[in-house]
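All remarks here apply to the structure that follows.
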Amino acid sequence: MIFLALQERIPATITLSIGTGLIGAFTTFSTFTYDIFNLIQQGHYLDAFSYLLSSIILGLVMSYLGVVLGDNLRKKV
């Protein structure tokens, strides 16, 4: 107990950032799956599959481009 009492708290900005990121990711993923589920329930199978596939592929492409852009900007500084 003494060990825990002597530890510094995590700064509020870090806990806010982590909390916001986790909640944001959870709600975004929930909406994504809910939309796909609704499309399937309504019989729009091609729309659901297209939405699923395009979201995953575009998400990966944009993540890759973000890493490349970040690396290039870091090298310039």
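Every number here is computed from the coordinates shown, using simple stated rules; none is lab data. Quick caveat: nothing in here was measured; it's all calculated off a predicted structure.
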**Report entry** For segment 65-73, 3J(HN,Hα) per residue [Karplus equation, 6.51 cos²θ - 1.76 cosθ + 1.60, θ = phi - 60°, Hz, x = Gly/Pro]
**Finding:** 4, x, 5, 4, 4, x, 4, 5, 5
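Taking the convex hull of the Cα atoms, report for the chain its projected area averaged over all directions, in nm². Spell out each step's value before the answer.
Numbers: hull surface 36.3 nm².
The orientation-averaged projected area of the Cα hull of the chain comes to 9.1 nm².
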